1. Can you tell me which residue in the stretch 81-135 is modelled with the lowest pLDDT, limited to those that are of a type in the set (Gly, Ala, Ser) and not in a helix (DSSP H, G or I)?
2. Could you tell me which residue of the stretch 50-99 is nearest to the chain's Cα centre (by Cα), considering only residues that are among the basic types (Lys, Arg) and exposed (fewer than 14 other Cβ atoms within 10 Å of the Cβ)?
3. Within the stretch 47-56, identify whether any single residue is at positive phi, of a type in the set (D, E, K, R) and free of Cβ contacts under 8 Å to residues at least 40 places away in the same chain, and answer yes or no.
4. Would you check if there is a residue in the stretch 84-99 being free of Cβ contacts under 8 Å to residues at least 40 places away in the same chain and over 22 Å from ILE10 (Cβ atoms)?
5. ARG44 is checked against (1) surrounded by 14 or more Cβ atoms within 10 Å (Cβ to Cβ); (2) touching a helix residue (DSSP H, G or I) at 6+ places or on another chain (Cβ under 6 Å); (3) basic (Lys, Arg) and fails just one. What number does that condition carry?
6. Go through (1) surrounded by 13 or more Cβ atoms within 10 Å (Cβ to Cβ); (2) more than 15 Å from TYR129 (Cβ to Cβ); (3) modelled with pLDDT under 95 for CYS32 and report which single condition fails.
Amino acid sequence: MNRQQPQLDIRKIRKALKRTYKSYGRLLGIHCHGLDGKPAPSHRIQEWERNSRPVPAYIYRACAETVSDEWASQRHEAPPSDHAGLDEFFGSLLSPALGRLFAFSLIDAQNGNKVEISEIFIEHVQQMYGFDISYVWE
């Protein structure tokens, strides 16, 4: 599959997940290489955040996975009334434009027009990062 090179704001993601360089490095290591994975060094994360070193595609994927895991966790713990806000917040970390659509889907739903933005988002993540994010809404 030929995917576009994703562009994520790693610093924004790390800060939104309330992670230090060290803890985010451990999280990236787990997502890249499993539980025994070597953590990404703090200085490397800083280089990626400053755009002074190219970010490998597997790191973008790991970043997207960290966002989707936290999104799913918070969404499953939150009352349904908070889901739209969480969807917009976490969706915007992965794709600002598509994330913003979650706010409009809430307005449409209140007007009786059900739009499944989650289906569009699932397809986007599959195409960009190569994994299924549907578990966020299960």
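1. GLY112
2. The selected residue is ARG50.
3. No, the stretch 47-56 contains no residue that is at positive phi, of a type in the set (D, E, K, R) and free of Cβ contacts under 8 Å to residues at least 40 places away in the same chain.
4. There is at least one residue in the stretch 84-99 that is free of Cβ contacts under 8 Å to residues at least 40 places away in the same chain and over 22 Å from ILE10 (Cβ atoms).
5. Answer for ARG44: the failing condition is (2).
6. Unmet condition: (2).
The values are calculated or read from the model by the stated rules, or taken from the named source; none is laboratory data. Treat the numbers as computed from the prediction; the structure is a model and nothing was measured. Using ideal geometry, Cβ is built from the backbone for each residue, glycine included, and neighbour counts are taken over all protein chains shown.
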